[in-house]
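J.: Have a look at this one before I ask anything.
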Amino acid sequence: MRLRLPEESPKEPPTGFKIAHPVLHTDGGRAGFLGVSLGAAAPYGVLDQARCVYGRRHRVPHRRCDCGFHCVHERAVAEGLLVLAEHRKTVLLEVSVLGRYIRFEQGFRYARQRVRTMTVGPCPCGAAASVLADAGWGRDGQRALEAACGGCAGGRARWTLATFAERAGQGLKVIAAPGTQLAGDLPGTPELVAEAALLQARLDWFQGQLGRLGEAQGGGGPEARP
């Protein structure tokens, strides 16, 4: 006799968390995501159906296969993956687990999902991200994007967070995480005044040196300041 695990019938779809690379189709009209493990082979949309990555003809998820979408139960666990070097340019997704699913200790493997929220991390410079810029790589007609501020994006192709949400559709909410520079690290008014006074003193000294050099060469130096 084969034992069967109990089936769940939740009133609301379970919530999970995962990380992914935001991508935009080369035609510029469709936005989605690219996974970091098995899902790295096939981009998916905000509302999508999982398919067996091995091409097998069975229902997804199957107990004897690794197919299906994957997520973890706890947000903190997914956030912990973001600090790994290979995942620094990914985003955090909050998803609704839809359809058939298998529950594990750390998360779910399931058939369908809806991405509800995408949280974009800070720009590598520490400022809060304002755009998603071309990351310099892609897959199967999908251009990978990465978080950046307006200054660090440079001349790369870029899209605002609102534009990405609009092209992803299905009511996706995109949030920019706060910058990593602490408020205490930012200079206040007294510090800025002191820096300005120091710069002015250095400028006065530099102009004085130029004046003496001009007089030594017989050129009369620059005009005297009032």
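J.: Listed residues Gln217, Gln209; which is exposed (fewer than 11 other Cβ atoms within 10 Å of the Cβ), at pLDDT 80 or above, over 25 Å from Gly45 (Cα atoms) and not small (Gly, Ala, Ser)?
T.: Gln209
J.: Inspect all residues belonging to the stretch 1-11 and state whether any of them is surrounded by fewer than 20 Cβ atoms within 10 Å (Cβ to Cβ), among the hydroxyl-bearing types (Ser, Thr, Tyr) and under 20 Å from Leu145 (Cα atoms).
T.: no
J.: Another one. Would you check which residues across the stretch 67-98 are in contact with a helix residue (DSSP H, G or I) (Cβ under 6 Å, 6 or more places away or on another chain) and either outside the structural domain of Gly32 (by TED's automatic domain parsing) or more than 15 Å from Glu146 (Cα to Cα) (or both) and list them?
T.: Within the stretch 67-98, Val72, Leu81 qualify.
J.: Among the listed residues Glu94, Glu12, Glu8, identify the single one that is free of Cβ contacts under 8 Å to residues at least 12 places away in the same chain, among the charged types (D, E, K, R) and outside any helix (DSSP H, G or I).
T.: From the options Glu94, Glu12, Glu8, the qualifying one is Glu12.
J.: Looking only at the stretch 38-58, how many residues end up being of a type in the set (Phe, Trp, Tyr) and modelled with pLDDT under 90?
T.: Result for the stretch 38-58: 1.
J.: While we're here: Considering the stretch 40-56 alone, what residues qualify as being under 12 Å from Asp66 (Cα atoms) and touching a residue at least 12 places away in the same chain (Cβ under 8 Å)?
T.: Ala50, Arg51, Cys52, Val53, Tyr54
J.: Can you pull out the residues in the stretch 76-91 that are free of Cβ contacts under 8 Å to residues at least 40 places away in the same chain, among the hydrophobic types (A, V, I, L, M, F, W, C) and either in contact with a strand residue (DSSP E or B) (Cβ under 7 Å, 6 or more places away or on another chain) or part of a helix (DSSP H, G or I) (or both)?
T.: Of everything in the stretch 76-91, those that are free of Cβ contacts under 8 Å to residues at least 40 places away in the same chain, among the hydrophobic types (A, V, I, L, M, F, W, C) and either in contact with a strand residue (DSSP E or B) (Cβ under 7 Å, 6 or more places away or on another chain) or part of a helix (DSSP H, G or I) (or both) turn out to be Ala76, Ala85.
J.: If you don't mind, another one. When the stretch 99-115 is examined, which residues are found to be without any contact (Cβ under 8 Å) to a residue 60 or more places away in the chain and either surrounded by 16 or more Cβ atoms within 10 Å (Cβ to Cβ) or in contact with an Asp or Glu (Cβ under 9 Å, 6 or more places away or on another chain) (or both)?
T.: Matches in the stretch 99-115: Gly99, Arg100, Gln106, Arg109.
The values are calculated or read from the model by the stated rules, or taken from the named source; none is laboratory data. As the structure is a computational prediction, the values presented were derived from the model and not from experiment. Please note: Cβ atoms are built from the backbone with ideal geometry, for glycine as well, and neighbour counts cover all protein chains shown.
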